[in-house]
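Have a look at the structure below before the remarks.
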Amino acid sequence: MPKWGLKSDEKAVSIMLADNNPLVLTAMSEIFGKDPRFSLIATSATAEGFLGTVMRMPVDVGVIDWNLPALGGAKLIEVLREQVNAPRLVVYGDDTSDTPRKAMSSGAAGFAARSGTVERLLETCLAVAKGQMVFPFLDVRSLQQDPIEQLSRRERSLLEALSKGLTNRELAKEFDISTNTVKFHLSNLFEKLSVKNRTQAIAFYYANRASRGDF
């Protein structure tokens, strides 16, 4: 087993684990608990338990089972995408199904297979903590060429509303969120579309709407 450690200028990645299988949850807890590169915050057997914890305390990365009761992985990711400073999520699941692609489409930051090695899981979490997207079972190059594929459903709706000329205050009222949350989502939206401001985002919307027809 390799010996890991933190560099003098590094901070341990805070992490929370959620899995309905108690054996898996115990094994993962031991793995992350023994690795000084991570700080294990909590564990949960349900999506609701995971959500309740990460809403109360800061967590860098969450490792979740795709079939986590009762919300499920997709809904949990969707809920957390609307929260400022939410943890980046790694789905830990079966790579023989379509789960990796579904996880990416839902907005997860990474995927690690249950059939993979411990080292692979740890490295995936470290990469995700640094802002990377990790989906080893998918060829994401073609998806990354199309910025629309990186938008969540909320971000697509926000882009459409933005194209109508709504102000931040009007967007906040439209989506029942705070203006600060609007700014957070717009920042992410601009980054994903590789634009610098609202005007460029609106131009992108109208340039792509006719050809795609799926906004």
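The values are calculated or read from the model by the stated rules, or taken from the named source; none is laboratory data. Fair warning: this is a prediction, and the values are worked out from it, not measured in the lab. Because the Cβ atoms are built from the backbone with ideal geometry, glycine has one as well, and the counts that use them run over all protein chains shown.
Overview of values
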{"item": "Of residues in the stretch 151-172 being in contact (Cβ under 8 Å) with a residue 60 or more places away in the chain and in a helix (DSSP H, G or I), the one surrounded by the fewest Cβ atoms within 10 Å (Cβ to Cβ)", "result": "153"}
{"item": "Filtered residues of the stretch 41-68 (kept if over 18 Å from residue 86 (Cβ atoms) and among the aliphatic types (A, V, I, L, M))", "result": "45"}
{"item": "Candidate set: the stretch 69-122, residues that are among the basic types (Lys, Arg) and within 11 Å of the chain's Cα centre (by Cα); chosen: the one modelled with the highest pLDDT", "result": "88"}
{"item": "Test: residue in the stretch 19-26 that is at pLDDT 90 or above, in the same structural domain as residue 68 (by TED's automatic domain parsing), surrounded by 13 or more Cβ atoms within 10 Å (Cβ to Cβ) and over 23 Å from the mean Cα position of the chain (by Cα)", "result": "yes"}
{"item": "In the stretch 73-123, the residues that are among the acidic types (Asp, Glu), out of contact with any Pro (no Cβ under 9 Å at 6 or more places or on another chain) and in contact (Cβ under 8 Å) with a residue 40 or more places away in the chain", "result": "78, 82"}
